[in-house]
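*Asks:* Encoded as structure tokens, here's the structure I'll be asking about.
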Amino acid sequence: MKKQIKTIVIVGGGTAGWSTALNFLQKTINTKIIVVTSKEIPIIGVGESTTGRFNGLINLTSGFVKIDESDFLRKTGSTFKIGILHSDWHTIGESFTSPLGDEFKNTLYYPSESYDYSRIWHVAKHLKYNLYAQSQMMLNNKLPYFEITDDCHYFDEYNYKGKVDYKFNHEAYHLDTYKVGQYIKEKVLSHNRVSYLDDIIVSVQKNENGFLESITTKTGKIIEGDFFIDCSGFSRILIEKEFNNNFISYENELLVNRALPFHIENKENTIINNYTHVTAKKYGWMWDIPLQHRKGCGYVYSDNFITPEQAQQEIEKDLGCKINPQRDIKFKAGRLEKIWCKNVLSTGLASGFVEPLEATSIHMTVLQINHFIEQYYTEHMNFSCEVAIDQYNKEITSIWDDIKDFIILHYITPRNDTNFWKEASSPKRWSKNLKNKLEIWKNRMPRVSDYQGTLSNSFYHLGNTLWYQILIGMNLLDCKIAEKELETFNLTLFAENSHNIRLPIVKWMVENSVDNNIFYKNLEMYLKDYQKLKSAY
Ligand SMILES: Cc1cc2nc3c(=O)[nH]c(=O)nc-3n(C[C@H](O)[C@H](O)[C@H](O)COP(=O)(O)OP(=O)(O)OC[C@H]3O[C@@H](n4cnc5c(N)ncnc54)[C@H](O)[C@@H]3O)c2cc1C
């Protein structure tokens with residue numbers, strides 16, 4: 001069925017629905033966008049740690065809606081996220097950092113551009129990967145804004161002066177999901193191509209070939225569309241129920257299935273961290289996401305081992321205070337077999353959910369839509385082209401499966417203090433792909449060709465770097481193999497020298513960067529300087 005896309009109907013008004021409306025508004029020209037969602041069906045209300053995908057959407061400069069980052073941060077209370085601090089995952093009492101986007105570029109192009117001799121050298125020397133700028137900013141509560149004075153020559157080759165973000169790139173945000181949803185909603189509705197209906201969808205109408213033509217709401221309205229996007233969260237009202245779409249469960253591989261979210265209000269002296277803190281607990285793990293006004297926290301656990309009451313008691317004992325749980329969330333880890341069926345695409349929780357660790361859900365929400373618009377969308381879509389639909393589905397679902405393996409990596413731990421950890425770390429939970437990777441890494445260090453993302457999915461952005469950081473943090477790589485490999489390529493001394501050159505620069509940057517809390521008190525000033533510099537490039 002060939003269709004001119006005049007109207008896109010988005011079902012759902014959670015982070016997925018509104019960010020998808022923004023994405024299509026920014027990247028299409030004539031299309032009308034209708035968001036249908038109901039206040040009677042609440043949003044999930046969690047999901048506040050992101051990756052750079054969301055940041056990229058907010059800061060898109062070429063779209064129809066302009067978002068000023070300091071306005072966004074000020075009105076939503078969002079903060080910058082540089083990475084994740086993992087505590088107690090390998091050994092109780094120990095932590096490791098995993099900075100985001102700390103991509104490695106081998107300037108020797110030897111043995112390849114992506115050969116990460118730096119992280120391999122850390123493995124060989126049995127060092128934590130936390131000595132460079134992003135980790136040090138995390139550990140010292142700094143944001144990378146500093147004034148490059150005339151006597152500082154570290155950055156001479158870049159020719160920048162004044163207060164700058166040294167990478168010209170903020171990595172990611174922590175969000176207040178309610179405020180951000182409202183903010184994006186107001187932005188997109190300010191454009192006359194987007195409209196919004198608050199109503200419950202009760203049925204859908206299809207043509208004789210099974211393509212969706214319209215949806216009917218509780219109040220009897222019929223909304224027609226050419227293309228529909230299911231962002232209805234775990235209800236999956238279009239993409240699952242209307243297309244006999246199979247749910248591929250990850251429940252045998254990942255044990256956590258329930259969450260107890262709560263908030264902690266900031267006090268005058270609360271340090272606003274620039275990282276998501278994830279702490280392994282007895283039967284799962286706890287997230288701690290810093291915003292300007294509060295922290296969003298939660299215990300993700302398996303209810304096969306403890307009850308919600310026991311989960312709350314454990315957290316209250318560890319924190320030394322009472323908590324006020326917002327709700328009791330049950331979830332099933334897994335994804336749909338097909339993300340795109342006929343003229344219906346899905347994103348957000350409607351297409352799948354692994355678990356909250358590593359903030360992969362909002363990452364995938366934006367990535368799926370980006371990939372669709374960039375690689376498949378045309379104003380005249382042939383929704384009968386099964387080959388294209390299959391290709392998209394294969395690309396996206398293989399990323400979901402790869403993310404699931406990446407998450408399992410966090411559970412490969414010597415911890416055995418509870419039955420949960422004994423079960424969670426069992427090799428019986430490892431997929432064939434993960435087993436293959438771990439087998440290869442017994443003989444050589446990880447390389448980019450080991451990931452799905454480097455085959456047809458080079459848009460994936462979760463490859464070598466993040467895997468390395470978790471592998472190092474969880475002590476899963478063999479230092480002897482790393483040492484031998486660097487010797488084979490004659491890179492040991494080079495890696496060591498590069499490391500020694502970086503340390504004083506990092507020290508200077510951290511000493512001269514702004515404290516997190518001071519940054520948020522003056523964020524317009526810092527971001528104005530940054531915008532000026534950005535526009536000069
Ligand atoms: C415990 C937990 C922690 C998480 N933490 C993170 C994290 O830190 N980082 C991250 O990236 N992700 C996280 N996630 C995932 C994140 O919450 C979601 O990606 C995000 O909130 C988007 O949700 P959504 O919009 O898909 O669904 P929802 O927020 O559930 O929205 C669904 C929408 O569909 C509408 N709807 C449903 N049925 C109908 C109907 N019949 N008619 C009309 N409207 C309908 C509802 O009204 C609602 O507006 C977490 C998830 C869980 C469960």
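*Asks:* Fewest first, what order do L503, L349 take by the number of other Cβ atoms within 10 Å?
*Replies:* Sorted ascending by nearby Cβ count, the order is L503, L349.
*Asks:* Okay, moving on. Roughly how many whole Å is it from the C-alpha centroid of region 1-71 to that of region 87-121?
*Replies:* About 33 Å separates the Cα centre of region 1-71 from the one of region 87-121.
*Asks:* Taking every DSSP beta bridge that has both residues in the chain, what percent is antiparallel when rounded to the nearest 5?
*Replies:* The answer is about 70 percent antiparallel.
*Asks:* Please work out whether region 47-139 counts as rounded, prolate or oblate from its C-alpha gyration tensor, where a ≥ b ≥ c are the square roots of the eigenvalues and a/c under 1.5 means rounded, while otherwise a/b larger than b/c means prolate and anything else oblate?
*Replies:* Oblate shape, in that a/c is at least 1.5 and b/c is the bigger or equal ratio.
*Asks:* Turning to a different aspect of this structure: Just flag the trypsin sites (Lys or Arg not before Pro) in region 79-163 sitting in loop per DSSP whose Cβ has no more than 11 other Cβ atoms within 10 Å.
*Replies:* K105
*Asks:* Given points 7 Å out from each Cα along the Cα-Cβ axis, report the N30 to K3 separation in nanometres with one decimal.
*Replies:* Taking the two extended label points, one gets 1.7 nm.
*Asks:* So which of K295/K435; K206/K338; K39/K332; K282/K480 end up more than 27 Å apart by C-alpha?
*Replies:* As for pairs spanning more than 27 Å Cα to Cα, those are K295/K435; K282/K480.
*Asks:* State the Kirkwood hydrodynamic radius of the chain in Å, one decimal place, computed from all pairs of distinct Cα atoms.
*Replies:* In the chain this quantity evaluates to 24.5 Å.
*Asks:* In straight Cα distance, which aspartates and glutamates are under 14 Å from K442, not counting same-chain residues fewer than 8 positions off?
*Replies:* D450, D478, E483, E485
*Asks:* Can you compute the helix-only [θ] at 222 nm over the chain? Use -39500 (n - 2.57) per DSSP H run of at least 4 residues, normalise by all residues, nearest 500 deg cm²/dmol.
*Replies:* Result for the chain, helices only: -10500 deg cm²/dmol.
*Asks:* May I ask which of K66/K507; K27/K528; K3/K241; K317/K432; K330/K528; K142/K484 have a Cα-Cα span longer than 31 Å here?
*Replies:* K66/K507; K317/K432; K330/K528; K142/K484
*Asks:* With contacts defined as alpha carbon pairs under 8 Å and 6 or more residues apart, what's the relative contact order of the chain in percent?
*Replies:* Here the relative contact order equals 24 percent.
*Asks:* Given the convex hull over the Cα atoms of region 258-330, what projected area results after averaging over all orientations, in nm²?
*Replies:* Value for region 258-330: 4.8 nm².
*Asks:* Now for a different question. Arranged by the count of other C-beta atoms within 10 angstrom, fewest first, what order do E240, E511 take?
*Replies:* E511, E240
*Asks:* Could you order the peptides 84-93, 374-383, 43-52 from most to least packed, using the average number of other C-beta atoms within 10 Å per residue?
*Replies:* So the peptides 84-93, 374-383, 43-52, ranked by packing, come out 43-52, 84-93, 374-383.
*Asks:* In terms of the Cα gyration tensor, with a ≥ b ≥ c the square roots of its eigenvalues, is region 27-67 rounded because a/c is under 1.5, prolate because a/b exceeds b/c, or oblate?
*Replies:* Oblate, because a/c is 1.5 or more while a/b does not exceed b/c.
*Asks:* Ranking W441, W18 by Cβ neighbours within 10 Å, fewest first, what do you get?
*Replies:* Least crowded to most crowded, the residues run W441, W18.
*Asks:* Specify whether the C-alpha gyration tensor of region 187-277 places it in the rounded, prolate or oblate class, a ≥ b ≥ c being the square roots of the eigenvalues: rounded for a/c under 1.5, otherwise prolate if a/b is larger than b/c and oblate if not.
*Replies:* It is oblate, given that a/c is not under 1.5 and a/b is not larger than b/c.
*Asks:* Here is a further query. Rank H380, I222, Q312 by how far each Cα sits towards the positive end of the charge dipole of the chain (+1 on Lys, Arg Cβ; -1 on Asp, Glu Cβ) and give me just the farthest.
*Replies:* Farthest along the dipole direction, towards plus: I222.
Read-outs throughout are calculated quantities, based only on the coordinates presented, and are distinct from any laboratory measurement. Predicted model only: the values in this text are computed from it and were never measured. Here the Cβ is made from the backbone with ideal geometry for all residues, glycine too, and neighbour counts use every protein chain on show.
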